[in-house]
Amino acid sequence: MTRPDAPEEGGAGEAARELRDGLAKIGAEFRASLAEASDEPSLRERNARWVGPGGALTRLMKLMPKVPSGERRDLGKQINALKTEVNEAFEHALVALERAAREAELAATPLDVTLPGRDVRAGRLHPITRVRYELLDIFGALGFDVADGPEIDLHENCFDKLGFPADHPATDMQDTFYITREELGASATTLLRTHTSTIQIREMLRREPPLAIVAPGAVYRRDDDATHSPMFFQIEGFLVDEDVSFSELKGVLTLFARRLFDAEVSLRFRPSYFPFVEPGGEVDVSCVFCRAWERDAARTAACGVCKGTGWIEILGCGMIHPTVFRNVGYDAERYTGFAFGMGLDRIAMLKYGVPNIRLLYENDVRFLSGF
Ligand code: FA5
């Protein structure tokens with residue numbers, strides 16, 4: 001039987017012949033081929049034709065096992081010598097190309113370093129981000145901590161623990177984006193939070209009073225018109241301690257509005273209903289567009305933003321309902337507190353005179369670069 005590395009004589013002679021012919025042919029051709037390359041990629045491509053994985057020399061080397069053992073040593077030496085020659089010729093050609101490129105660069109029209117530079121287009125903060133930072137600064141200076149919470153939260157944090165009755169329309173499938181999280185089990189209903197009031201529950205469950213917190217974040221609702229977006233931003237604020245009264249809520253919100261808008265604005269508190277506060281209210285700020293506090297009746301009557309009323313609604317607020325305290329394990333006899341929640345988008349629209357909320361989300365640089 002023939003061993004695999006001892007091929008029969010006829011084939012062996014042919015392999016040796018093919019190898020010798022191949023070596024002669026490569027030896028005669030490779031220099032011209034490399035010399036024809038006019039740039040580095042083409043030089044590398046040509047080099048690969050000889051010594052790359054499918055190259056002519058590489059293919060010849062694969063014939064070596066078939067060559068009769070008497071000739072193998074000599075042919076092996078020749079192959080290696082040729083391979084070295086190809087490699088050296090390649091290196092020389094590469095250096096020559098680099099030198100030629102450098103010389104062409106030096107000979108070309110010189111670079112005028114005195115020309116003015118190109119403008120770097122700097123990015124800037126989105127108006128909602130700017131408003132968020134401003135609010136965090138204002139409330140931070142008043143001693144409020146900042147908290148965060150998940151955008152997908154449990155139904156109980158979004159509604160139940162805040163005292164929403166089970167049949168409240170906001171808890172309806174039609175009104176809210178529910179999400180199936182199988183890993184949490186069938187009993188855990190999760191949804192895209194509809195307001196940042198979820199963070200009241202989360203923080204009160206993990207901290208004891210006294211506490212003063214603001215929490216900005218994205219929220220989601222089935223809304224879509226010029227002043228309502230399906231995804232928008234709110235900032236929640238709440239403070240819990242002994243003997244907290246409504247006058248402190250008024251004081252904090254008035255100070256905030258005067259710092260954010262104008263030192264002369266007033267606030268108007270109107271009664272309103274939210275299940276998690278009692279009493280609850282909505283707050284209007286005197287219109288910053290017609291400067292309603294200056295009492296120019298004609299200007300206010302013509303104002304399209306406040307529609308002649310002199311007031312613009314900015315937030316909901318109230319004293320935290322004792323039911324909420326009981327739901328998070330606080331002593332509802334001992335503690336009182338206030339909470340408020342406002343739309344950052346709405347504040348940005350007012351502050352920068354943005355007529356349509358969609359402009360804030362279209363990422364149109366012509367609009368965004370105006371801030
Ligand atoms: C709430 O979301 C309450 N959680 C606020 C609150 C907190 C009340 C704490 C009491 C105590 P409301 O649904 O009104 O309330 O929303 C609050 C603010 O979010 C609104 O005043 C408005 O500025 C803004 N807002 C509501 N819906 C949208 C929307 N679709 N697009 C943009 N802004 C919105």
Residue in segment 221-238 that is within 14 Å of the ligand (Cβ to nearest atom) and β-branched (Val, Ile, Thr) present: yes
Test: residue in segment 286-293 that is part of a strand (DSSP E or B) and surrounded by 15 or more Cβ atoms within 10 Å (Cβ to Cβ): yes
Among the candidates 180, 198, residue that is of a type in the set (S, T, N, Q) and at pLDDT 95 or above: 198
Residue ID - most open to solvent (accessible area, probe 1.4 Å), chosen from residues in segment 184-194 that are in contact with a Ser or Thr (Cβ under 7 Å, 6 or more places away or on another chain) and not in a loop (DSSP other than H, G, I, E, B): 184
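Yes/no per residue for (1) within 14 Å of the ligand (Cβ to nearest atom); (2) touching a Pro at 6+ places or on another chain (Cβ under 7 Å); (3) assigned by TED's automatic domain parsing to the domain that holds residue 157:
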| residue | (1), (2), (3) |
| --- | --- |
| 289 | no, no, yes |
| 307 | no, no, yes |
| 319 | yes, yes, yes |
| 328 | no, no, yes |
| 333 | no, no, yes |
| 339 | yes, no, yes |
| 347 | yes, no, yes |
| 356 | yes, no, yes |
| 361 | yes, no, yes |
Test: residue in segment 240-256 that is more than 13 Å from the ligand (Cβ to nearest atom), touching a helix residue (DSSP H, G or I) at 6+ places or on another chain (Cβ under 7 Å) and of a type in the set (Lys, Arg): no
Elements of type strands (runs of 3 or more DSSP E) in segment 195-279, at least 1 residues being buried (at least 22 other Cβ atoms within 10 Å of the Cβ) and not β-branched (Val, Ile, Thr): 211-220, 231-242
Qualifying residue in segment 157-171 (condition: outside any loop (DSSP other than H, G, I, E, B), at pLDDT 95 or above and touching a strand residue (DSSP E or B) at 6+ places or on another chain (Cβ under 7 Å)): yes
Sole exception among (1) under 30 Å from residue 305 (Cα atoms); (2) more than 14 Å from the ligand (Cβ to nearest atom) for residue 181, by number: (1)
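The values are calculated or read from the model by the stated rules, or taken from the named source; none is laboratory data. As the structure is a computational prediction, the values presented were derived from the model and not from experiment. Neighbour counts are summed over all protein chains in view; Cβ atoms, including those assigned to glycine, are modelled from backbone coordinates with ideal geometry. Accessible surface areas use protein heavy atoms only, side chains included; no ligands, DNA or RNA. Shrake-Rupley method; radii C 1.70, N 1.55, O 1.52, S 1.80 Å.
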